[in-house]
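Single-structure report; data block below.
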Amino acid sequence: MIGGGVMGEAILSRLIRQGIYAAENILISEPQAERRSLLQQQYQVQVSSDNQAAAEAEEILLLAIKPQILSKVVAQLAPTTFSNSHPLIISILAGVPLSKLESAFPDQSVIRVMPNTPATVGAGMTAIATGKNVTVEELNKAKNIFTAIGEVVEVPEYLMDAVTGLSGSGPAYVALMIEALADGGVAAGLPRAIASQLAIQTVFGTAKLLQESQLHPGELKDRVSSPGGTTIAGVAALEKAGFRSALIEAVLAAYHRSQELGQ
Ligand SMILES: NC(=O)C1=CN([C@@H]2O[C@H](COP(=O)(O)OP(=O)(O)OC[C@H]3O[C@@H](n4cnc5c(N)ncnc54)[C@H](O)[C@@H]3O)[C@@H](O)[C@H]2O)C=CC1
Ligand SMILES: O=C(O)[C@@H]1CCC=N1
């Protein structure tokens, strides 16, 4: 793995916990010394400050750096890096298209994925788009990795920026909503800890109910909204504040930023 940050850690921690990879078979190249020691102490993975060491992986090379520095990182790898090894290259970089990845790693199998941070607890959502050199076996290997940390969906590459805007960035939108729900509870007199517990479990429970019942979200909203009751008063306040359009605009803003990052 090149890049041992938030998302890299989310993925490796779950893969180790699920027994998909043994810690000793994972090498993370990461320039921040404090990140290296945290990853080594917490997960017993191998760490290095040398990307070349990580790039010489035998099976999988997972790129988990910021999209803005991909070119710099690739330029620093030896031209002979892949002369003796052909790892499956998996990129989690927002916005970076397969065309750019394949020109950075000519003749290598490249897969573009968009995971998200709930992968840490095995509840991730990952979309996969495959490059032109990828075999069925390699695709299945990538699917197995990301299935171990949550749900997986295969999409055509042109949808990956939309995926990034929704599920890639989505945990931040939901966290913001949970924080605001708890604030509402505190405003109504609840102690912070109880307000947070109520907010988190309400969002978790509603998502679980929708996932298992296959109900349309609008149907669930109607079932909760008793005539003349409390819920419809809250829903009316949300509609007045443009809650829906705010979320739609958030996804679109992140989608457009993902497109920009891929330029
Ligand atoms: N944070 C998230 O929820 C998600 C992030 N991603 C993608 O994951 C990638 C990493 O994002 P985060 O983990 O959030 O960022 P981060 O900043 O937490 O992690 C990036 C890591 O790369 C390291 N780094 C910097 N320069 C480097 C170099 N030259 N060589 C090797 N490592 C270097 C940094 O020290 C840092 O630890 C990005 O491309 C992002 O688009 C994708 C899905 C979700
Ligand atoms: O904010 C970002 O750019 C990354 C990609 C999706 C979630 N975090």
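The values are calculated or read from the model by the stated rules, or taken from the named source; none is laboratory data. Not measured: the values here are computed from a predicted model. All Cβ positions, glycine included, derive from the backbone under ideal geometry; neighbour counts span all protein chains shown. Ligands, DNA and RNA are excluded from the accessible area calculation, which covers all protein heavy atoms including side chains. Shrake-Rupley method; radii C 1.70, N 1.55, O 1.52, S 1.80 Å.
The table below lists the values:
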| read-out | value |
| --- | --- |
| Test: residue in the stretch 93-105 that is at pLDDT 95 or above, within 11 Å of the chain's Cα centre (by Cα), open to solvent by less than 30 Å² (accessible area, probe 1.4 Å) and in the same structural domain as Ile20 (by TED's automatic domain parsing) | yes |
| Residue in the stretch 244-252 that is within 16 Å of ligand 1 (Cβ to nearest atom) and part of a helix (DSSP H, G or I) present | yes |
| Some residue of the stretch 150-159 being within 16 Å of ligand 2 (Cβ to nearest atom) and surrounded by 19 or more Cβ atoms within 10 Å (Cβ to Cβ) | yes |
| Meets criteria (out of contact with any helix residue (DSSP H, G or I) (no Cβ under 8 Å at 6 or more places or on another chain), in contact (Cβ under 8 Å) with a residue 24 or more places away in the chain and more than 11 Å from ligand 1 (Cβ to nearest atom)) for Ser99 | no |
| Segments classed as helices (runs of 4 or more DSSP H), wholly inside the stretch 1-82, with at least 2 members that are within 16 Å of ligand 2 (Cβ to nearest atom) and modelled with pLDDT of 95 or more | 6-17 |
| The stretch 15-38 residues that are over 17 Å from Gln52 (Cβ atoms) and in contact (Cβ under 8 Å) with a residue 12 or more places away in the chain, paired with ones that are open to solvent by less than 40 Å² (accessible area, probe 1.4 Å) and among the aromatic types (Phe, Trp, Tyr) (beta carbon under 7 Å, 6 or more apart) | Ile16/Tyr43; Ala23/Tyr43 |
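The rows are residues; the columns are (1) open to solvent by 80 Å² or more (accessible area, probe 1.4 Å); (2) within 27 Å of the chain's Cα centre (by Cα); (3) under 17 Å from Pro171 (Cα atoms); (4) not assigned by TED's automatic domain parsing to the domain that holds Val174.
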{"site": "Ala207", "(1), (2), (3), (4)": "no, yes, yes, no"}
{"site": "Ser213", "(1), (2), (3), (4)": "no, yes, no, no"}
{"site": "Gly218", "(1), (2), (3), (4)": "no, yes, no, no"}
{"site": "Lys221", "(1), (2), (3), (4)": "no, no, no, no"}
{"site": "Gly234", "(1), (2), (3), (4)": "no, no, no, no"}
{"site": "Arg244", "(1), (2), (3), (4)": "yes, yes, yes, no"}
{"site": "Leu247", "(1), (2), (3), (4)": "no, yes, yes, no"}
{"site": "Ala250", "(1), (2), (3), (4)": "no, yes, yes, no"}
